[in-house]
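The values are calculated or read from the model by the stated rules, or taken from the named source; none is laboratory data. Since we're looking at a predicted model, the values are computed, not measured. Neighbour counts run over all protein chains shown; Cβ positions are idealised from the backbone, glycine included. Please note that ligands, DNA and RNA were not included when accessible areas were found on the heavy atoms of the full protein model with its side chains. Shrake-Rupley method; radii C 1.70, N 1.55, O 1.52, S 1.80 Å.
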Amino acid sequence: METGRKRDGAALIALDWGTSSLRGFLMDGGGTVLEQRANAHGIQNLPQPGLPGFEQAFADLCGDWLSVNAGIPVVAGGMVGSAQGWAEAPYVACPADTSTLAAHAITVDSASGTSILIAPGVTYDPPDAPPDILRGEEIQIAGVLADRPDWARDACMVLPGTHSKWVRISDGRMTRFATYMTGEVFAVLTKHSILGRLMPADAEADTGARDAAFADGVRAAQASGPGDLTHQLFAARTLGITRRMAPALLKDYLSGLLIGHEMVSGLALMGGEIHAGRPLLLIGEGALCRRYVQGLGLLGIEPTARLENTAPKGLFQFAIAAGLIAPPAGKDNHV
């Protein structure tokens, strides 16, 4: 990675600042990433406690970019705007789009004199159900919809992760969503429950066998009745004890069971809209998204598209909506 050198056309520094990592993108006026870098200084792993830790993490990642690109605007999204972040950017209510985020963003002035515009999270608070929240995913969603007005008009999105999100998009706005603690529950069960005792950490298994075990879990979830989950979870132990499933495959079965239950619920929440032809967009990276593609296929659903790192483009759209940079020629900020 080259540092300390001015890049022609640099127009924006965009920060995707989460719980466990900090990613920075130097972008030009058309939204192209000129340079990118990352470190482990998420909000729970700062180089020192409190506000000095945020200052140091920001300076360490972006100091040379700032020194050679004087006055360049800086935007940030993710957990940096949470109550545990650099400063809290309060949630905005659904329905919300990128313009809503920009209108309710907050500014933090760093010790270096640079102002950082931080995006808020989004809340969905229906009168007949508990509230839900997301923070960070709204930026990814803005990136997905930036160049696709057809998806912006009408789509459903799935963002797998520690806390997976299922989001309904209508007329360019997030109108409702639901969170599933699938990844966190999987981690807790494998590391801190009796189920994990039969799951060797260094186990290796054939990819086909692992996929089959995962599929067994998804099918069990599909066939379940109300309240069956905690009963079904115990099968991740009994299948191993009775030797009906190899220890190396039990994690895959458990993963299929949890992801399967999430999918059954998420598809029901969308009210059959996906089956009716509405686009389903899968946003995420790596092996986890591969699992979701596999699981959805077992339930008769093929995602319309799978997209990976959409945060840079979303932060770029956020900066446009906030008036920090001009839209590229010939494009409108329609999301």
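For the reader, a short list of remarks on this structure follows.
- Between 138, 184, the distinction of being of a type in the set (Asp, Glu) and open to solvent by less than 30 Å² (accessible area, probe 1.4 Å) belongs to 138 only.
- Among residues of the stretch 199-223, those that are in contact with a helix residue (DSSP H, G or I) (Cβ under 7 Å, 6 or more places away or on another chain) and closer than 17 Å to residue 296 by Cβ, counted: 10
- Among the candidates 144, 167, the residue that is closer than 27 Å to residue 218 by Cβ, without any contact (Cβ under 8 Å) to a residue 40 or more places away in the chain and surrounded by 16 or more Cβ atoms within 10 Å (Cβ to Cβ) is uniquely 167.
- The residues of the stretch 105-131 that are buried (at least 17 other Cβ atoms within 10 Å of the Cβ) and out of contact with any helix residue (DSSP H, G or I) (no Cβ under 9 Å at 6 or more places or on another chain), listed by number, are 123, 124.
- Residue in the stretch 216-239 that is touching a Gly at 6+ places or on another chain (Cβ under 6 Å), modelled with pLDDT of 95 or more and among the hydrophobic types (A, V, I, L, M, F, W, C) present: yes
Let's see how each residue does on (1) touching a helix residue (DSSP H, G or I) at 6+ places or on another chain (Cβ under 8 Å); (2) closer than 18 Å to residue 264 by Cβ; (3) part of a strand (DSSP E or B):
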| position | (1), (2), (3) |
| --- | --- |
| 143 | yes, no, no |
| 151 | yes, no, no |
| 158 | yes, yes, yes |
| 166 | yes, yes, yes |
| 169 | yes, no, yes |
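Yes or no, residue by residue, for (1) in a loop (DSSP other than H, G, I, E, B); (2) free of Cβ contacts under 8 Å to residues at least 40 places away in the same chain; (3) under 17 Å from residue 291 (Cα atoms):
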site	(1), (2), (3)
215	no, no, yes
219	no, no, yes
224	yes, no, no
230	no, yes, no
245	yes, yes, no
251	no, no, yes
254	no, no, yes
259	no, no, yes
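- Answer residue from the stretch 64-104, given it is of a type in the set (Asp, Glu) and under 20 Å from the mean Cα position of the chain (by Cα) and is least open to solvent (accessible area, probe 1.4 Å) among those: 97
- Whichever residue in the stretch 18-33 is part of a strand (DSSP E or B), open to solvent by less than 50 Å² (accessible area, probe 1.4 Å) and touching a Pro at 6+ places or on another chain (Cβ under 7 Å) and, among such residues, is farthest from residue 136 (Cα to Cα): 27
- Residue identified as over 19 Å from residue 93 (Cβ atoms) and under 12 Å from the mean Cα position of the chain (by Cα) among 134, 159: 159
- Residues in the stretch 34-63 that are surrounded by fewer than 18 Cβ atoms within 10 Å (Cβ to Cβ), touching a Ser or Thr at 6+ places or on another chain (Cβ under 9 Å) and among the acidic types (Asp, Glu): 1 in all.
- One residue from 314, 284, 295 being of a type outside the set (Asp, Glu), modelled with pLDDT of 95 or more, within 19 Å of residue 155 (Cβ to Cβ) and under 19 Å from the mean Cα position of the chain (by Cα): 314
- Breaking point among (1) modelled with pLDDT under 95; (2) in contact with a Pro (Cβ under 7 Å, 6 or more places away or on another chain); (3) more than 30 Å from residue 255 (Cβ to Cβ), for residue 111: (2)
- Residue list for the stretch 317-335, filter: at pLDDT below 95 and under 24 Å from residue 279 (Cα atoms): 331, 332, 333, 334, 335
- Long-range neighbours under 6 Å by Cβ, at least six apart or interchain, first residue under 20 Å from residue 16 (Cβ atoms) and without any contact (Cβ under 8 Å) to a residue 24 or more places away in the chain within the stretch 43-71, second part of a helix (DSSP H, G or I) and open to solvent by 40 Å² or more (accessible area, probe 1.4 Å): 47/56
- Residues (of a type in the set (A, V, I, L, M) and in contact with a helix residue (DSSP H, G or I) (Cβ under 6 Å, 6 or more places away or on another chain)) located in the stretch 283-298: 283, 298
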